[in-house]
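Participant: Shown below is the structure under consideration.
The values are calculated or read from the model by the stated rules, or taken from the named source; none is laboratory data. Quantities reported herein were computed from a predicted structural model and do not represent experimental measurements. Neighbour counts run over all protein chains shown; Cβ positions are idealised from the backbone, glycine included.
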Amino acid sequence: MRNFILLLVLVSGLLAGYFIGDYRGRDAREALGKAIETGKTLETERMTTISRLKTELESIDEKQRQELAAIRKDNDARMAGWRRKNSELANTITHTTATLAESDNRLKSLISQRDSASGAEKAKIELEIARLQKERGNLQQESAGDACLQARAPHSVVEALNETNVAESK
(Lines give C-alpha, C1' and ligand atoms only; values in the text may rest on other atoms or scores of the structure.)
Protein backbone atom coordinates (compact mmCIF):
# COMPACT_ATOMS: atom_id res chain seq x y z
CA MET A 1 0.00 0.00 0.00
CA ARG A 2 2.72 2.28 0.71
CA ASN A 3 3.92 1.79 -2.84
CA PHE A 4 0.43 2.32 -4.08
CA ILE A 5 0.16 5.68 -2.28
CA LEU A 6 3.51 6.62 -3.64
CA LEU A 7 2.37 5.70 -7.08
CA LEU A 8 -0.80 7.74 -6.63
CA VAL A 9 1.19 10.78 -5.49
CA LEU A 10 3.53 10.37 -8.42
CA VAL A 11 0.66 10.05 -10.92
CA SER A 12 -1.18 13.00 -9.38
CA GLY A 13 2.02 15.07 -9.54
CA LEU A 14 2.47 14.05 -13.14
CA LEU A 15 -1.10 15.00 -14.02
CA ALA A 16 -0.84 18.28 -12.12
CA GLY A 17 2.41 19.14 -13.92
CA TYR A 18 0.92 18.24 -17.29
CA PHE A 19 -2.16 20.40 -16.80
CA ILE A 20 -0.25 23.32 -15.29
CA GLY A 21 2.33 23.13 -18.07
CA ASP A 22 -0.42 22.80 -20.63
CA TYR A 23 -2.16 25.88 -19.18
CA ARG A 24 1.03 27.96 -19.47
CA GLY A 25 1.71 26.64 -22.93
CA ARG A 26 -1.85 27.44 -23.96
CA ASP A 27 -1.28 31.14 -23.17
CA ALA A 28 1.91 31.08 -25.17
CA ARG A 29 0.16 29.31 -28.05
CA GLU A 30 -2.73 31.81 -27.91
CA ALA A 31 -0.26 34.72 -27.88
CA LEU A 32 1.62 33.16 -30.80
CA GLY A 33 -1.65 32.64 -32.67
CA LYS A 34 -2.65 36.26 -32.06
CA ALA A 35 0.78 37.45 -33.21
CA ILE A 36 0.52 35.36 -36.38
CA GLU A 37 -3.01 36.68 -37.03
CA THR A 38 -1.83 40.27 -36.43
CA GLY A 39 1.09 39.65 -38.79
CA LYS A 40 -1.27 38.39 -41.50
CA THR A 41 -3.57 41.38 -40.96
CA LEU A 42 -0.62 43.78 -41.16
CA GLU A 43 0.66 42.07 -44.31
CA THR A 44 -2.78 42.37 -45.91
CA GLU A 45 -2.97 46.06 -44.92
CA ARG A 46 0.56 46.63 -46.25
CA MET A 47 -0.30 45.01 -49.59
CA THR A 48 -3.53 47.03 -49.80
CA THR A 49 -1.66 50.24 -49.01
CA ILE A 50 1.04 49.45 -51.56
CA SER A 51 -1.63 48.74 -54.17
CA ARG A 52 -3.46 51.97 -53.38
CA LEU A 53 -0.22 53.99 -53.51
CA LYS A 54 0.72 52.42 -56.85
CA THR A 55 -2.70 53.38 -58.21
CA GLU A 56 -2.30 56.95 -56.93
CA LEU A 57 1.22 57.15 -58.35
CA GLU A 58 0.04 55.91 -61.74
CA SER A 59 -2.77 58.48 -61.66
CA ILE A 60 -0.34 61.28 -60.82
CA ASP A 61 2.08 60.04 -63.48
CA GLU A 62 -0.66 60.01 -66.12
CA LYS A 63 -1.80 63.50 -65.10
CA GLN A 64 1.78 64.78 -65.38
CA ARG A 65 2.18 63.17 -68.79
CA GLN A 66 -1.03 64.81 -70.00
CA GLU A 67 0.08 68.19 -68.67
CA LEU A 68 3.49 67.77 -70.29
CA ALA A 69 1.86 66.81 -73.59
CA ALA A 70 -0.38 69.89 -73.37
CA ILE A 71 2.62 72.10 -72.62
CA ARG A 72 4.55 70.62 -75.54
CA LYS A 73 1.57 71.08 -77.85
CA ASP A 74 1.20 74.70 -76.73
CA ASN A 75 4.93 75.25 -77.17
CA ASP A 76 4.85 73.74 -80.67
CA ALA A 77 1.93 76.01 -81.60
CA ARG A 78 3.78 79.03 -80.24
CA MET A 79 6.97 78.06 -82.06
CA ALA A 80 5.03 77.66 -85.31
CA GLY A 81 3.50 81.11 -84.73
CA TRP A 82 6.92 82.57 -83.99
CA ARG A 83 8.42 81.02 -87.13
CA ARG A 84 5.50 82.38 -89.16
CA LYS A 85 5.94 85.87 -87.67
CA ASN A 86 9.69 85.67 -88.21
CA SER A 87 9.12 84.78 -91.85
CA GLU A 88 6.63 87.62 -92.16
CA LEU A 89 9.23 89.96 -90.63
CA ALA A 90 11.76 88.91 -93.25
CA ASN A 91 9.20 89.62 -95.99
CA THR A 92 8.33 92.97 -94.38
CA ILE A 93 12.02 93.92 -94.19
CA THR A 94 12.50 93.01 -97.85
CA HIS A 95 9.42 95.03 -98.82
CA THR A 96 10.52 97.99 -96.67
CA THR A 97 14.00 97.90 -98.18
CA ALA A 98 12.52 97.92 -101.68
CA THR A 99 10.20 100.79 -100.73
CA LEU A 100 13.17 102.71 -99.31
CA ALA A 101 15.08 102.23 -102.56
CA GLU A 102 12.09 103.50 -104.55
CA SER A 103 11.76 106.44 -102.16
CA ASP A 104 15.47 107.26 -102.53
CA ASN A 105 15.20 107.18 -106.32
CA ARG A 106 12.08 109.38 -106.23
CA LEU A 107 13.84 111.75 -103.80
CA LYS A 108 16.89 112.06 -106.06
CA SER A 109 14.62 112.71 -109.01
CA LEU A 110 12.71 115.42 -107.11
CA ILE A 111 15.92 117.07 -105.92
CA SER A 112 17.18 117.29 -109.50
CA GLN A 113 13.78 118.67 -110.59
CA ARG A 114 13.84 121.20 -107.75
CA ASP A 115 17.17 122.55 -108.88
CA SER A 116 15.78 123.23 -112.34
CA ALA A 117 12.31 124.42 -111.19
CA SER A 118 11.20 127.93 -110.34
CA GLY A 119 8.79 129.67 -107.96
CA ALA A 120 5.49 127.82 -107.27
CA GLU A 121 6.74 124.61 -108.88
CA LYS A 122 9.83 124.69 -106.63
CA ALA A 123 7.66 125.13 -103.48
CA LYS A 124 5.47 122.21 -104.53
CA ILE A 125 8.54 120.03 -105.10
CA GLU A 126 9.95 121.15 -101.69
CA LEU A 127 6.73 119.97 -99.98
CA GLU A 128 6.91 116.62 -101.80
CA ILE A 129 10.60 116.24 -100.83
CA ALA A 130 9.76 116.97 -97.17
CA ARG A 131 6.93 114.42 -97.27
CA LEU A 132 9.18 111.80 -98.86
CA GLN A 133 11.95 112.49 -96.32
CA LYS A 134 9.47 112.06 -93.47
CA GLU A 135 8.12 108.85 -95.07
CA ARG A 136 11.71 107.65 -95.59
CA GLY A 137 12.49 108.26 -91.90
CA ASN A 138 9.41 106.29 -90.87
CA LEU A 139 10.37 103.44 -93.20
CA GLN A 140 13.93 103.40 -91.85
CA GLN A 141 12.61 103.33 -88.29
CA GLU A 142 10.20 100.49 -89.16
CA SER A 143 12.96 98.56 -90.92
CA ALA A 144 15.32 98.98 -87.95
CA GLY A 145 12.55 97.86 -85.58
CA ASP A 146 11.81 94.77 -87.68
CA ALA A 147 15.51 93.94 -87.84
CA CYS A 148 15.66 94.33 -84.05
CA LEU A 149 12.73 91.93 -83.67
CA GLN A 150 14.65 89.32 -85.61
CA ALA A 151 17.67 89.61 -83.33
CA ARG A 152 17.97 87.03 -80.57
CA ALA A 153 17.29 88.49 -77.13
CA PRO A 154 19.32 87.38 -74.07
CA HIS A 155 17.59 84.78 -71.92
CA SER A 156 17.50 87.10 -68.90
CA VAL A 157 15.67 89.78 -70.90
CA VAL A 158 13.08 87.27 -72.14
CA GLU A 159 12.50 86.00 -68.58
CA ALA A 160 12.09 89.55 -67.28
CA LEU A 161 9.57 90.35 -70.03
CA ASN A 162 7.65 87.13 -69.36
CA GLU A 163 7.52 87.90 -65.62
CA THR A 164 6.27 91.41 -66.41
CA ASN A 165 3.58 90.00 -68.75
CA VAL A 166 2.45 87.48 -66.12
CA ALA A 167 2.31 90.17 -63.43
CA GLU A 168 0.30 92.49 -65.71
CA SER A 169 -2.16 89.76 -66.67
CA LYS A 170 -3.01 89.13 -63.02
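Participant: Do we find that residue 89 is assigned to a helix (DSSP H, G or I), surrounded by 13 or more Cβ atoms within 10 Å (Cβ to Cβ) and under 30 Å from the mean Cα position of the chain (by Cα) in this structure?
Facilitator: Details: assigned to a helix (DSSP H, G or I): yes; surrounded by 13 or more Cβ atoms within 10 Å (Cβ to Cβ): yes; under 30 Å from the mean Cα position of the chain (by Cα): yes.
Answer is yes for this residue.
Participant: Any idea which of 152, 78, 83 is at negative phi, exposed (fewer than 11 other Cβ atoms within 10 Å of the Cβ) and outside any helix (DSSP H, G or I)?
Facilitator: Values: 78 fails: outside any helix (DSSP H, G or I); 83 fails: outside any helix (DSSP H, G or I).
Just a single option satisfies the conditions, and that option is 152.
Participant: Another one. Could we say that residue 102 is over 25 Å from residue 136 (Cα atoms) and either exposed (fewer than 10 other Cβ atoms within 10 Å of the Cβ) or among the acidic types (Asp, Glu) (or both) here?
Facilitator: Numbers: over 25 Å from residue 136 (Cα atoms): no; either exposed (fewer than 10 other Cβ atoms within 10 Å of the Cβ) or among the acidic types (Asp, Glu) (or both): yes.
Judged against the criteria, residue 102 is not a match.
Participant: Using beta carbons and a limit of 8 Å, which pairs, at least six apart or on different chains, have the first residue in segment 123-143 and over 15 Å from residue 93 (Cα atoms) and part of a helix (DSSP H, G or I) and the second one at pLDDT below 90 and among the small types (Gly, Ala, Ser)?
Facilitator: Close Cβ pairs satisfying both conditions: 125/117; 132/103; 135/103.
Participant: Sticking with this one: Only residues that are over 30 Å from residue 89 (Cα atoms) and of a type in the set (Lys, Arg): list them for segment 100-122, please.
Facilitator: Matches in segment 100-122: 114, 122.
Participant: Sticking with this one: Checking the structure you have, find out if any residue of segment 20-30 is within 30 Å of residue 143 (Cβ to Cβ) and among the aromatic types (Phe, Trp, Tyr). Full working, then the answer.
Facilitator: Step one: of segment 20-30, the residues within 30 Å of residue 143 (Cβ to Cβ) are none.
No, segment 20-30 contains no residue that is within 30 Å of residue 143 (Cβ to Cβ) and among the aromatic types (Phe, Trp, Tyr).
Participant: Just to check your reading of the model, which residue among 103, 109 is at pLDDT 85 or above, within 53 Å of the chain's Cα centre (by Cα) and under 26 Å from residue 129 (Cβ atoms)? Steps first, answer last, please.
Facilitator: Details: 109 fails: within 53 Å of the chain's Cα centre (by Cα).
Exactly one of 103, 109 is at pLDDT 85 or above, within 53 Å of the chain's Cα centre (by Cα) and under 26 Å from residue 129 (Cβ atoms), namely 103.
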